[in-house]
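Trainee: For reference, the structure I am asking about is given below.
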2 protein chains.
Amino acid sequence: MTTAIGAQKKTRGRPKVFDREDALEKAMNLFWQHGYEGTSLSHLVAATGAKAPTLYAEFTNKEGLFCAVLEHYIARFTAQYQACLQNKSATFPEALEAFLTSIARCFTGEDTPAGCFIVSTASGLGASSQHIADVLKDQHAIQDQTLTAFLQQRQQQGEIPSDCDTVHLAKYLDCFICGMAVSARDGVSYDALFSLVKTTMGVLPQLIKNN
Amino acid sequence: MTTAIGAQKKTRGRPKVFDREDALEKAMNLFWQHGYEGTSLSHLVAATGAKAPTLYAEFTNKEGLFCAVLEHYIARFTAQYQACLQNKSATFPEALEAFLTSIARCFTGEDTPAGCFIVSTASGLGASSQHIADVLKDQHAIQDQTLTAFLQQRQQQGEIPSDCDTVHLAKYLDCFICGMAVSARDGVSYDALFSLVKTTMGVLPQLIKNN
């Protein structure tokens, strides 16, 4: 969505337009890199090229902008790799490996900061940012539930033993994903993450039995 | 170490003393909770009860204080759980489980913020904090090497198959530990983390074969 800025003023050239998607993308990269507290409004103004009043008019405040950025991130990344779990033509291990591989790729993408947006921005939140902490925690819980629902569905289809604790298995896989997020932020490459995904897939037969 | 403050002034009561260990403990909790960028000198002054000139005299600047805090953390926690790896009377699985359990306990300790000091403080570092990023990365690498050395030693003793890639196994376990750090920071309990440790231990026979 683009909004004409200063359209009421008579200007010679074309009116400057505020490109919402572009601003969200740039703000996302800033929050992703420096966290919520580490990103100031002046950083956001400089990165987006928008004026502070424009950002305020569009998003109310830094918290509002962050929530819009989170939605943008979910639409651009989370939805994409969660789609791997909905692929009915893939077997359980195929769908899970595609999901984990897609996450590893997201965490090491060249166009975005390394690591996971949600894990990185949830770190170092001050007491005054409790609402942001809650929003991020809720989003993490939703992702956990999506993974659990996928495992339960595959269990109903007989691809996972009926006595497997799918809630626990989802927590184990979530722990592994969070570990990949930290590793990626520390500079671990896609190839190295993919190798860790392969190791997890290698022990999957035992994971669905042992837990 | 304690240093007399204002000892040259005539005061009625005993001179105020600067308790270095106590200040480091309080500064550690602050950095652990809010990250490096999220902790200001005024927060540190308020938490430690020391005056800014005292902190400057002792640690030069915020960076110096952080490095002293990191050493304090290593001596208090890292050294403690790494000692589990040096226990010669424990079998390989016993030593590894004690190590992972000790980490899970540290990440969920009641007296300290949830999660891992190193993982939490490494998040959201700005471009001006490259030195801190490097110090934390080096420390993470040292921990990785300690774990690899332990695995190689147990491999030499015949407890791990000779064709197992111990460097890769250490990276997998490190990824799991980082995942526990994020989970703990998100509020996952010690019992839940211990349950994840048990799952990892359950697939250990396959992990040392498959990787």
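The values are calculated or read from the model by the stated rules, or taken from the named source; none is laboratory data. On a predicted model such as this, the values are computed, not experimentally measured, just so you know. All Cβ positions, glycine included, derive from the backbone under ideal geometry; neighbour counts span all protein chains shown.
Trainee: Exactly one of (1) under 24 Å from B:Met201 (Cα atoms); (2) assigned to a helix (DSSP H, G or I) is unmet by A:Gln139. Its number?
Mentor: (1)
Okay, residues lined up against (1) over 23 Å from A:Arg185 (Cα atoms); (2) in contact (Cβ under 8 Å) with a residue 24 or more places away in the chain:
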| residue | (1), (2) |
| --- | --- |
| B:Thr112 | yes, yes |
| B:Phe117 | no, yes |
| B:Ser129 | no, yes |
| B:Ala141 | no, no |
| B:Gln156 | yes, no |
| B:Asp174 | no, yes |
| B:Phe194 | yes, yes |
| B:Leu204 | yes, yes |
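Trainee: Of the residues in the stretch A:138-149, how many are among the charged types (D, E, K, R) and surrounded by 14 or more Cβ atoms within 10 Å (Cβ to Cβ)?
Mentor: Number of matching residues: 1.
Trainee: Let me ask another. Considering only residues of the stretch A:150-165 that are buried (at least 20 other Cβ atoms within 10 Å of the Cβ) and outside any loop (DSSP other than H, G, I, E, B), which is nearest to the chain's Cα centre (by Cα)?
Mentor: The selected residue is A:Phe150.
Trainee: I would also like to ask the following. Could you list, in sequence order, the residues of the stretch B:182-191 that are under 13 Å from A:Tyr172 (Cα atoms) and facing another protein chain (nearest Cβ under 7 Å)?
Mentor: B:Val182, B:Ser183
Trainee: Scanning the stretch B:27-38 for residues that are assigned to a helix (DSSP H, G or I) and within 14 Å of chain A (Cβ to nearest Cβ), which turns out nearest to B:Lys62 (Cα to Cα)?
Mentor: Restricting to residues being assigned to a helix (DSSP H, G or I) and within 14 Å of chain A (Cβ to nearest Cβ), the top hit is B:Phe31.
Trainee: Now a separate question. Under 7 Å by Cβ, and 6 or more places apart or on different chains, what pairs join a residue from the stretch B:69-93 that is within 14 Å of B:Cys106 (Cα to Cα) with one that is in a helix (DSSP H, G or I) and hydroxyl-bearing (Ser, Thr, Tyr)?
Mentor: As it stands, the answer is B:Gln80/B:Ser102; B:Tyr81/B:Ser102; B:Gln82/B:Thr146; B:Cys84/B:Ser102, since those pairs meet every condition given.
Trainee: Just the residues that are in a helix (DSSP H, G or I) and either over 27 Å from B:Ala114 (Cα atoms) or within 8 Å of chain A (Cβ to nearest Cβ) (or both), please, taken from the stretch B:201-210.
Mentor: Within the stretch B:201-210, B:Gly202, B:Pro205, B:Gln206, B:Leu207, B:Ile208, B:Lys209, B:Asn210 meet the criteria.
Trainee: Scan the stretch A:111-119 and give yes if some residue there is modelled with pLDDT under 95, in contact with a His (Cβ under 7 Å, 6 or more places away or on another chain), of a type in the set (A, V, I, L, M) and surrounded by 15 or more Cβ atoms within 10 Å (Cβ to Cβ), otherwise no.
Mentor: yes
Trainee: Next question, about the same structure. Quick one: in the stretch B:87-110, of everything that is of a type in the set (D, E, K, R) and loosely packed, with under 13 Cβ neighbours inside 10 Å, which residue is farthest from B:Ser189 (Cα to Cα)?
Mentor: B:Lys88
Trainee: Additional query: Confirm whether A:Phe77 is surrounded by 22 or more Cβ atoms within 10 Å (Cβ to Cβ) and not hydroxyl-bearing (Ser, Thr, Tyr).
Mentor: No, not satisfied.
Trainee: In the stretch B:36-51, which residues are surrounded by 14 or more Cβ atoms within 10 Å (Cβ to Cβ) and under 23 Å from B:Val135 (Cα atoms)?
Mentor: Correct list: B:Tyr36, B:Glu37, B:Gly38, B:Thr39, B:His43, B:Leu44.
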